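Notes follow once the structure below has been shown.
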Amino acid sequence: MASHPSSGPRRLAESAQRGAGGAYVGVDYLRYLSPAWHGRLMPALWAALALAAAARAPFYRHWSAELRAALPFLGSIAFMLGAFLCEAVSVRFVSAVMGLQWHRSAAPLPDTGQWLLLALNEKLPQSVADLLRAHVITLHHYLMLFIMLGFSVLFGCIKAPGLGIATRYMFTMAIGRLVRTITFVATILPSARPWCAAARYQIPGHPHPWAQKYYVPYASDSDAIRRVIRDDVAYDSVQSYPGEYRPDWGRMSFLVDILRPTPGEGPSWYHLLKKASGGCNDLMYSGHMLVAVLTAMAWTEAYGGWISVAIWLLVLHSVQREIRERHHYTVDCVVAIYVGILLWRMTRFIWSARDTSRARRLAKLDEVQNRLIHAVKDSDIDEVRGLLKEVELAGQEKQGVSQRAILAFAAATIIFTLTCVVLALTLTSDG
């Protein structure tokens, strides 16, 4: 059977796409091996990728589908930003609610994953241990791998629209972040890095008034814990603590009780959220691993094969490094993996790699089958051609808008997306 005429170029484009992802990770790792070469090669790689996308954009045939996907795409961006804002507020709350003294005194939880990695260091060859410790791939690499996957739609490597898979990625990310926020706010866990809060924040040393009343009196006394379980009432008196600092934030003053500001942390609530970063408690589950798993799931669905295996191996490398460097406990990474997989599968309705145009053509063929048989029997060539044209058109997208509007939308999309890429990679360049 003869292959489709476009299958050769498409396979070539897919191979180039996969190679570009590996090249980006490899070239960026040169920052540790040879900073001079990294400074030369990384701008060249960026320029090559941007020029390839810009050169291909005028020949892309699915801009009308991208236009229809624009509103859901913008909605997913708004939803994701809202989820990030909610998460940032919650990160600051769990970091500040127990006070700085608790952070200094709370012992990290016993983690068998950390023990296993320390034991492996004693058994493995030094070169293997060094490879496991190496910062081969970080957060911004996973974001760049997904961005490359999204742009590969220009070369026909994945199913259009590219904004469709981007919408699914950001919508799934937002859901994952909200679920994560609910999880780590529900139970406050001590950090695997006890010095973190003192180095990063200027939070009050004493606990929040809520913790003063409902936690501190029953934190360590067994008799007090038994009594509060039996009576189900916070019966003990509250110790004397310093008062809370209460700046005037206008309409946002309701956040004072949640964020617990101090005089030296800036004039507004926004300054506190900018410093929230990754928090200084253990945040169940790992947000970095959620990004990594969603990227791996997107590549697996779009391509499969050896490139997906390679990305999943990189995810496992990131998992052990998160545990090894004590950014997270092992349970945080394990939960992030299965939550990411489940959430990605649940959002298949937004975008799927399955090509629906073939199904539409087959449905249309079933509809005109009897007419087509009669036309063949009657040797009506014009009728046969007309019916086959209807079948072909059934698998194509409807334009619905002018060519000028589509071109303007294409230019705006490329500019907007590249701007988002630069911002995302700049803000996550520190991992």
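The values are calculated or read from the model by the stated rules, or taken from the named source; none is laboratory data. Keep in mind it's a predicted model, so treat the numbers as computed, not measured. FYI the Cβ positions are ideal-geometry reconstructions off the backbone, even for glycines, and counts take in every protein chain you see. Please note that ligands, DNA and RNA were not included when accessible areas were found on the heavy atoms of the full protein model with its side chains. Shrake-Rupley method; radii C 1.70, N 1.55, O 1.52, S 1.80 Å.
Highest mean packing first, where packing is the average number of other Cβ atoms within 10 Å per residue, the peptides 150-156, 254-260 line up as 150-156, 254-260.
For segment 133-292, what does the relative contact order come out to in percent, with C-alpha contacts under 8 Å and a separation of six or more?
33
Per-residue Karplus couplings for segment 95-110, computed as 6.51 cos²θ - 1.76 cosθ + 1.60 with θ equal to phi - 60°, are listed in order as 6, 9, 5, 8, x, 5, 4, 5, 4, 6, 9, 6, 7, x, 6, x Hz, Gly and Pro entered as x.
Applying a 4.7 Å cutoff between beta carbons, the unpaired cysteines of the chain are Cys86, Cys157, Cys333, Cys420.
Computed from Cα positions, the angle between helix 357-377 and the longest principal axis of the chain comes to roughly 20 degrees. When only Cα pairs below 8 angstrom with a gap of at least 6 residues are kept, the chain shows a relative contact order of 25 percent. Just the protein heavy atoms count here, and of the accessible area of the chain at 1.4 Å, carbon and sulfur take up 64 percent. Residues whose amide H lies under 5 Å from that of Leu189, counting only those 5 or more places away or on a different chain, are Asp282; hydrogens are built 1.01 Å from N in the peptide plane. Residues in the chain average 54 Å² of solvent-accessible surface per residue, probe 1.4 Å, ligands and nucleic acids excluded. The count of lysine pairs in the chain that are at least 8 places apart or cross chains, and whose C-alpha atoms lie under 30 Å apart, stands at 10. Highest mean first, the peptides 292-302, 210-220 sorted by other C-beta atoms within 10 Å per residue fall in the order 292-302, 210-220.
Sorting the segments 109-121, 136-148 by their residues' average number of neighbouring beta-carbon atoms within 10 angstrom, most packed first, yields 136-148, 109-121. Can you classify segment 55-181 as rounded, prolate or oblate using the Cα gyration tensor, where a ≥ b ≥ c are the square roots of its eigenvalues, rounded means a/c under 1.5, and otherwise it's prolate if a/b beats b/c and oblate if not? It is oblate, given that a/c is not under 1.5 and a/b is not larger than b/c.
Compared with the dominant Cα axis of the chain, that is its longest principal axis, helix 7-33 is turned about 30°. GNM, the chain, Cα, under 10 Å: largest mean-square fluctuation among Gly99, Gly264, Gly21? Of the options given, Gly264 has the highest mean-square fluctuation. Ile323 sits among other residues whose Cβ lies under 10 Å from its own Cβ, and their net charge, with Lys and Arg +1 and Asp and Glu -1, is -1.
The listed residues Asp282, Asp366, Asp232 rank as Asp232, Asp366, Asp282 when sorted by accessible area, largest first, using a 1.4 Å probe.
Coupling constants for segment 326-342 follow from the phi torsions by the Karplus curve (6.51 cos²θ - 1.76 cosθ + 1.60, θ = phi - 60°), and in residue order they are 6, 6, 8, 7, 4, 4, 5, 6, 5, 5, 4, 5, 6, 5, x, 4, 5 Hz; glycine and proline get x. For the chain, adding -39500 (n - 2.57) for each run of n ≥ 4 DSSP H residues and dividing by the number of residues yields -22000 deg cm²/dmol at 222 nm.
Between 0 and 90 degrees, the angle of helix 112-123 with respect to the longest Cα principal axis of the chain falls at about 80 degrees. Summing +1 for each Lys or Arg and -1 for each Asp or Glu among the other residues whose beta-carbon sits under 9 angstrom from that of Tyr285 gives 0.
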